[in-house]
Protein chains: 2
Amino acid sequence: MSSKKIINNTDNKKNKKIVIIGGVAAGTSAASKAKRVDPTAQITILQEEPLVSYGACGMPYVIEGLIDSFEKLIERPADDFKKQYDIDVIVNTRAEKIDPLQQKVYAISLKSHKRISLEYDSLVIATGARPFVPPIRGIRLDGVVFLRNYGDGKKIKALIAKGIDSVVIVGAGLIGLEMAESFKKNDIDSVTIVEMADHVLPNILDNDLAKIMQKHLQDKGVKLRLGEKLVEILEEGNRKVRGIKTTKGSIESDLVLVGTGVIPNSEIARDAGIELGYANAIRVDEHMRTSTSNIFAAGDCATAKSYVTGKDTYLPLGTTANKQGRVAGENAAGGNAIFRGIAGSAISKSFDLYFGKTGLSFDEALKEGFEPTEETIESITRSGYYPDSKPIWIKIISDKKSNGRVLGSQIIGGEGVKGRIDLIALALLLKANIVDLANYDSCYVPPISPVWEPVNIAASQAIKMISKSISLHR
Amino acid sequence: MSSKKIINNTDNKKNKKIVIIGGVAAGTSAASKAKRVDPTAQITILQEEPLVSYGACGMPYVIEGLIDSFEKLIERPADDFKKQYDIDVIVNTRAEKIDPLQQKVYAISLKSHKRISLEYDSLVIATGARPFVPPIRGIRLDGVVFLRNYGDGKKIKALIAKGIDSVVIVGAGLIGLEMAESFKKNDIDSVTIVEMADHVLPNILDNDLAKIMQKHLQDKGVKLRLGEKLVEILEEGNRKVRGIKTTKGSIESDLVLVGTGVIPNSEIARDAGIELGYANAIRVDEHMRTSTSNIFAAGDCATAKSYVTGKDTYLPLGTTANKQGRVAGENAAGGNAIFRGIAGSAISKSFDLYFGKTGLSFDEALKEGFEPTEETIESITRSGYYPDSKPIWIKIISDKKSNGRVLGSQIIGGEGVKGRIDLIALALLLKANIVDLANYDSCYVPPISPVWEPVNIAASQAIKMISKSISLHR
């Protein structure tokens, strides 16, 4: 099958040839959009994994057992791209080299080990990211797992099926907290999260809000070891994991999940002379164009500009990957789309609580030269008299210098977190201030909101605080 | 008790005297805020009902049986106002006349029939609204009910308890749809909604989205008679209701709930020479000041400026009442607060679907001189693979003339409606356009959102449509 595609790809001189390296979120979004913009384009996706277009964010829920198979995560089988959109997909094939002068990508089949090359007029790099692998002893032992791609998910599920009594999760980030729930729901007795920072979700929540999540995790039977760094993975013998050694002691476990962040798969770009940027991700402009004009990058391998600070950052998330992919695809096909940037919006759930962030934390705002102030309120998600009203905590960070411009927010709650994080993400895009957030016309019905909208309340409180501090300055 | 209050109210010459007529949402918000702004102020609430500060919006859920007593709706007993805030509350007392020259309010006790008068330095009128009573034969028969105040709620609950087999609801507005569910959940076999417009929720939804609600209501066993106007209430004999006669026929029923809108209790203001405005509500400026400078009005008796059109409108809702009340209270106490206006945000739920609106509909936008276009999408509320993903429909109305400025939205969905209506209400306040709505950094996690945020999708579709229409104009 793939040889035919390659012939098509090189033979026809009239039609634009677009090659996309990577076929998960950014890659498939780019391919679909490019085809819509230029239906005559010859589009080829090169994908290292055996499948494309799957919802990687759903893996914790499959492992938990809530979704009954990994196959359910597949949004579109590889064949569909050819049938429905006339997009060629070459799976099990790793791109090894880009030659920007010849405009060629060299790749190798992971099954036949055959080498192939593909010519392109435009190239989209959507190679994603890979787990950061701490350079410590024992990290490659059996029973040390990461959760990134489809294969990782299946491997963890299989290990659980064999029977596991204890798990250590290294890293209290999104994956760590999602998987803590997933493991507990598999009736694994001992689940311990080890985090080097002094609180969970260090990139999402400040210490004060993190404490709410910590209590919740502990209430659900998850053990926390904070301010404790992984030093070594311990071996039971026979290459099998026995536990971990940390800066403060050791923990026995049958399984170690390492969730200490990801790094961009940007080497193929760097080796082709393409500039890297923030966090060694591929530097892109607002058109998702790299330093080489007919090469675009999108998703977890690329930088993203913050629309709060105006600076490049790196925050590999599925939403951004899809949006960047679409822009890269449109422009690879000759369009002129713009990616407006990110606010750093992230949300997840652990057991019964949702938590999210958008924009800057207090400390991040300080570093960026703002004069931040923060206000946190606790409210409820329904009218007090309505059954199952849940608590919600909202922190709003705003800038004293610019009339209370909203800089960021952190929210934890039993429900209603997503809508409020999104609202503040829009406020950030529009450079709204806390007076705007205090006064927008929120809607209300007892089953899903209190009459005083919590965001309105938090912003009103923030106004009071800023007014006070301004009068103190006078 | 009340005589002592009156003496206090008139004796002390040093402290500001603030009288508030009305003690539900706007009145109690005004009182509390005034006390915080000026703790020395003597504040008196005059309330016609036997209690103050209750959540009127919760009544359908008490009648439904979801909340076990009306008492649960009482946010704060009248006594608490005195104990906690030193605010006097005089219940069961109707204000009859305002004398702006003497700065006095005259009232009558509904129990003792004693007349009293209260002096004021500032007055807040928060008299609310009352149901519109269609001027037709039979409207005062036994078994014809309205749902507005606490007493109405108790009366309906008592009638249901006696045993009712059939109900006709006249008016398919918020109350009508909430109560249809409430009646069905009381196992009332025959529940019929009669609406004179050609679709349900005529002030909230356009015909296309209303059809979704109509199907849902019918699926739940509610009968709909649309495009049919109430002509007469039929009598069984002995002053007891037998059903209704409409322009298209008649319907037998044991109970008739009339929910055909409300009218502001503004007569007491009008009679004092205070100007009325839109829909005969008391005209207020952004300080909630009436045409008489030391008299404020707030809540369901007052106008509200739309921050979309800049014009006065009348939309009596609890959220607005609370916000206006707070502004009126602050200013009555000598402050300088501003009410930024409303977008017309409203939300409710009927059975399993939430529905809401903010801003203008297509037709309203046309009338206001915009060149509107509308885009409706159907999406889902969770990742497709996540259990219990629910449908959501989003309509966005935007203006072709002003680069796609967002003018309004209508949303129906199984969940997540409130957050999205609120987000668009903020967009309206900030005069955002559809490019902003397509590009804000929405957050995503499978249990509560699809990776492509439905608002982002709807706005992206709207951009395509506007671009097309602009190129057609060229």
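The values are calculated or read from the model by the stated rules, or taken from the named source; none is laboratory data. Owing to the predicted nature of the structure, the values given are computational and were not obtained by experimental measurement. Cβ coordinates were reconstructed from backbone atoms using ideal geometry, including for glycine residues, and neighbour counts include every protein chain displayed.
Things to note:
- Exactly one residue among A:Val191, A:Val170 is over 23 Å from the mean Cα position of the chain (by Cα) and buried (at least 24 other Cβ atoms within 10 Å of the Cβ), and that residue is A:Val191.
- Residue in the stretch A:409-432 that is over 26 Å from the mean Cα position of the chain (by Cα) and surrounded by fewer than 24 Cβ atoms within 10 Å (Cβ to Cβ) present: no
- Within the set A:Val435, A:Val455, A:Val417, the sole residue that is more than 30 Å from B:Asp68 (Cα to Cα) and of a type in the set (Val, Ile, Thr) turns out to be A:Val435.
- Checking each residue in the stretch A:326-353 for being under 17 Å from A:Ile21 (Cβ atoms) and within 11 Å of chain B (Cβ to nearest Cβ) picks out A:Arg326, A:Val327.
The rows are residues; the columns are (1) touching a Ser or Thr at 6+ places or on another chain (Cβ under 8 Å); (2) in contact (Cβ under 8 Å) with a residue 12 or more places away in the chain; (3) at positive phi.
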residue	(1), (2), (3)
A:Tyr61	yes, yes, no
A:Asp121	no, yes, no
A:Arg140	no, no, no
A:Lys155	no, no, no
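- Verdict on B:Lys157 being farther than 20 Å from B:Gly299 by Cα and either assigned by TED's automatic domain parsing to the domain that holds B:Val256 or crowded, with 18+ Cβ neighbours inside 10 Å (or both): yes
- Count - residues of the stretch A:21-49 that are at pLDDT 95 or above and either among the charged types (D, E, K, R) or in a strand (DSSP E or B) (or both): 11
- Among residues of the stretch B:123-141 being assigned to a loop (DSSP other than H, G, I, E, B) and of a type in the set (Lys, Arg), the one that is surrounded by the fewest Cβ atoms within 10 Å (Cβ to Cβ) is B:Arg140.
- Qualifying residue in the stretch B:105-116 (condition: under 19 Å from B:Thr44 (Cα atoms), surrounded by fewer than 19 Cβ atoms within 10 Å (Cβ to Cβ), aromatic (Phe, Trp, Tyr) and modelled with pLDDT of 95 or more): yes
- Qualifying residue in the stretch B:326-338 (condition: over 30 Å from B:Ala41 (Cβ atoms), among the small types (Gly, Ala, Ser) and outside any helix (DSSP H, G or I)): no
- Any hit, the stretch B:111-120, residues being within 25 Å of B:Ala321 (Cβ to Cβ) and of a type in the set (A, V, I, L, M, F, W, C): yes
- Residue in the stretch B:188-199 that is more than 24 Å from B:Glu235 (Cα to Cα) and in contact with a helix residue (DSSP H, G or I) (Cβ under 6 Å, 6 or more places away or on another chain) present: yes
- Being part of a loop (DSSP other than H, G, I, E, B) and either in the same structural domain as A:Lys185 (by TED's automatic domain parsing) or crowded, with 22+ Cβ neighbours inside 10 Å (or both) is a property that holds for A:Val52.
- The sole residue among B:Lys468, B:Lys390 that is under 30 Å from A:Lys72 (Cα atoms) and surrounded by fewer than 21 Cβ atoms within 10 Å (Cβ to Cβ) is B:Lys390.
- Hey, A:Asp388 touching a Leu at 6+ places or on another chain (Cβ under 8 Å) and not hydrophobic (A, V, I, L, M, F, W, C) or not: no
- Among the residues making up the stretch B:318-357, those that are touching a Leu at 6+ places or on another chain (Cβ under 9 Å) and either at pLDDT below 95 or among the charged types (D, E, K, R) (or both) are B:Arg340, B:Lys349, B:Lys357.
- Lone unmet requirement of (1) in a loop (DSSP other than H, G, I, E, B); (2) crowded, with 17+ Cβ neighbours inside 10 Å for B:Thr320: (1)
Let's see how each residue does on (1) surrounded by fewer than 19 Cβ atoms within 10 Å (Cβ to Cβ); (2) over 30 Å from A:Ala126 (Cα atoms):
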| position | (1), (2) |
| --- | --- |
| A:Val231 | yes, yes |
| A:Lys240 | yes, yes |
| A:Ile251 | no, yes |
| A:Ile274 | no, no |
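- Subset tally (residues that are of a type in the set (Val, Ile, Thr) and over 26 Å from the mean Cα position of the chain (by Cα)) for the stretch B:99-135: 3
- Summed over the stretch B:289-317, residues that are surrounded by 23 or more Cβ atoms within 10 Å (Cβ to Cβ) and in contact (Cβ under 8 Å) with a residue 60 or more places away in the chain total 10.
- Pairing residues of the stretch B:267-285 that are farther than 15 Å from B:Asp99 by Cβ and in contact (Cβ under 8 Å) with a residue 60 or more places away in the chain with residues that are assigned to a helix (DSSP H, G or I) and hydrophobic (A, V, I, L, M, F, W, C), at Cβ distances under 6 Å and at least 6 apart in sequence or on separate chains, gives B:Ile282/B:Ala269; B:Ile282/B:Cys301.
- Residue list for the stretch B:27-43, filter: among the hydroxyl-bearing types (Ser, Thr, Tyr) and farther than 23 Å from B:Ala129 by Cα: B:Thr40
- The stretch B:43-62, residues that are under 13 Å from B:Leu147 (Cβ atoms) and either among the acidic types (Asp, Glu) or touching a Leu at 6+ places or on another chain (Cβ under 8 Å) (or both): B:Ala56, B:Gly58, B:Met59, B:Pro60, B:Val62
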